[in-house]
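Reviewing the structure listed below.
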Amino acid sequence: MFALNAISLYRSPSRPEVRRAGWMRALTAAVLGVLSMPAARAAIPIEHWTASTGARVYFVHSPSIPMLDVNVDFDAGTRYDPPGKAGLATLAAALLDKGAAAIDGQPARDEAGIADGFADTGASFGGAASGDRGGIGLRTLTSEPELSRSLALAAQLIKAPTYPQAVVEREKERMIAAIREGDTRPGVIADKLLSKAIYPNHPYGVSATPESVAAITRDDLERFWRDNYAASRAVVTLIGAIDRRKAEAIAEQLTSGLPAGTAPAAMPQVQMRIPATVQRVSHPAQQATVVLGQPAIARGDPDYFALLVGNYVLGGGGFSSRLTEEVREKRGLTYGVDSYFAPAKQPGPFGIGLQTQKAQTDEALALVRQVVARFVAEGPTAAELKAAKDNLVNGFPLRIDSNRKLLTNVANIGWYGLPLDYLDTWTAQIAKVSRQQVKEAFQRHVDPQGMATVIVGGPEGK
């Protein structure tokens with residue numbers, strides 16, 4: 001979760017602006033971490049247990065460097081933002097390191113003291129929230145006294161945040177300014193409107209606004225932390241040069257003394273069938289930004305691997321994808337087009353995005369729909385299927401070549417309740433995917449006639 005730079009199911013990073021905003025950015029970041037495992041790589045021995053506090057713990061002994069990477073993820077994502085206060089979960093996580101009360105023998109600290117404390121130990125700490133979860137990430141040396149000091153400080157921030165009033169107001173102003181700046185960019189505008197169209201009656205479709213952030217109070221932050229940052233709602237992931245006994249002690253240290261919390265609020269069901277709407281928004285940008293999508297898949301769906309492979313063929317494989325071949329290479333209608341799935345606790349979206357000349361918007365959109373409809377009807381060719389499998393497997397080592405990347409993988413395994421051997425069996429799962437399975441999976445999850453579409457900066461007069 002705290003390497004918030006990954007992509008979902010395999011999505012080409014060809015258009016860096018489009019869909020940077022909204023819940024999908026954080027959500028997709030969380031998903032690719034659980035991608036794949038090359039056949040030649042040794043098994044990753046993931047150990048799992050439940051701490052006495054009720055937190056679920058996942059640990060990998062990685063002695064290659066004297067470092068420890070830790071995530072503590074809580075069921076405290078933006079989907080729990082109260083009505084009219086979107087942005088609360090984000091602020092609650094981001095402001096954990098801005099002030100802490102005295103606890104467990106640690107003195108009270110302000111944000112400067114907290115920053116100095118981590119700097120003195122060479123550690124890094126941060127809080128963040130996505131659609132489903134919120135929490136912290138810590139990287140620290142395993143030497144002493146650095147390890148003990150950084151862990152004590154991290155535990156203090158999780159257990160006793162003070163959310164100082166002056167800091168809250170300052171950070172609200174910064175967040176509001178960032179939202180207003182983002183709302184001038186076509187990609188951000190399109191992303192937010194698409195999320196709302198895909199999830200009209202679900203928290204996944206809600207984005208923070210200047211008004212919703214302005215309405216958040218210090219009491220709201222304390223209440224959100226108290227209700228949601230409970231050990232029973234936590235997943236702790238540890239990767240580093242420590243042994244099992246030390247990992248057990250750290251998990252207890254980080255999750256003991258947390259609030260009792262409340263039962264998670266019931267989430268509404270995702271409405272899987274949505275109207276095939278088209279929204280056109282004028283914008284002075286030189287090009288039109290086009291995004292379209294629909295609800296598609298939850299992370300535990302058995303069609304995950306078939307959709308992974310199929311999406312690589314359709315639009316996730318960069319220059320080798322069908323969408324790129326048809327829309328860019330053959331007709332020159334865009335510099336980049338991609339497709340993605342973003343599975344979550346509840347069904348996340350299938351989406352497509354591109355930028356094109358304003359006068360070519362309708363032509364490009366019609367072609368995208370045609371390519372998708374044909375792929376859903378026919379599936380991939382044998383050659384496309386083989387190329388997708390080869391590229392996904394061969395490209396994986398760069399996504400798991402550090403402790404931080406491994407942390408993201410293992411944290412997602414814990415969060416989504418995937419098997420402990422998930423990484424070790426990934427290539428076998430991919431190898432079993434057939435053309436027929438891809439076609440049937442797409443026909444179950446993608447309706448070419450049932451997508452919401454947003455066009456920002458399209459041709460004048462439409």
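What per residue convex hull volume, in Å³, do the alpha-carbon atoms of the chain yield?
134
Work out how much length Thr142 to Arg226 would gain on full extension: take 0.36 nm times their residue separation and subtract the Cα-Cα distance, in nm to one decimal.
Between Thr142 and Arg226, full extension yields 27.2 nm more.
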*asked:* Counting other beta carbons within 10 Å of each residue's own, what order do Thr427, Thr381, Thr324 fall into, fewest first?
replied: Thr381, Thr427, Thr324
*Over segment 47-255, what number does the Rg to Rh ratio reach, with both radii from the alpha-carbon atoms and Rh per Kirkwood?*
1.00
*How far apart, in nm, are two points set 7 Å out from the Cα along the Cα-to-Cβ line at His61 and at Gln436?*
4.6
*Calculate I(q)/I(0) for segment 211-298 by the Debye formula, one identical point scatterer on each C-alpha and no solvent, and give its log10 at q = 0.26 Å⁻¹ to two decimals.*
-1.23
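Suppose the chain between Asn201 and Ser282 were pulled fully straight at 0.36 nm per residue; how much longer would it get relative to their current alpha carbon spacing?
Going from the current span to full extension adds 26.6 nm.
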*Please report Asp110, Asp424, Asp303 as a ranked list, fewest other C-beta atoms within 10 angstrom at the top and most at the bottom.*
Asp110, Asp424, Asp303
*When Arg218, Arg233 are ordered from fewest to most other Cβ atoms inside 10 Å of their Cβ, what list results?*
Arg218, Arg233
*What are the ³J(HN,Hα) values, in whole Hz, obtained from phi via the Karplus relation 6.51 cos²θ - 1.76 cosθ + 1.60 with θ = phi - 60°, for each residue of segment 337-345 in sequence order, with x given for Gly and Pro?*
9, 9, 10, 7, 10, 10, x, 9, 4
*For the chain, calculate the relative contact order in percent as a whole number, restricting contacts to Cα pairs under 8 Å that are 6 or more residues apart.*
25
*Is there a pair in Lys345/Lys386; Lys405/Lys432; Lys159/Lys405; Lys98/Lys172; Lys330/Lys389; Lys98/Lys405 whose C-alpha atoms are over 20 Å apart, and which pairs would that be?*
Lys345/Lys386; Lys405/Lys432; Lys159/Lys405; Lys330/Lys389; Lys98/Lys405
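Every number in this text was worked out from the coordinates using simple rules, so none of it is lab data. All values reported here derive from a predicted model rather than from experimental measurement. FYI the Cβ positions are ideal-geometry reconstructions off the backbone, even for glycines, and counts take in every protein chain you see.
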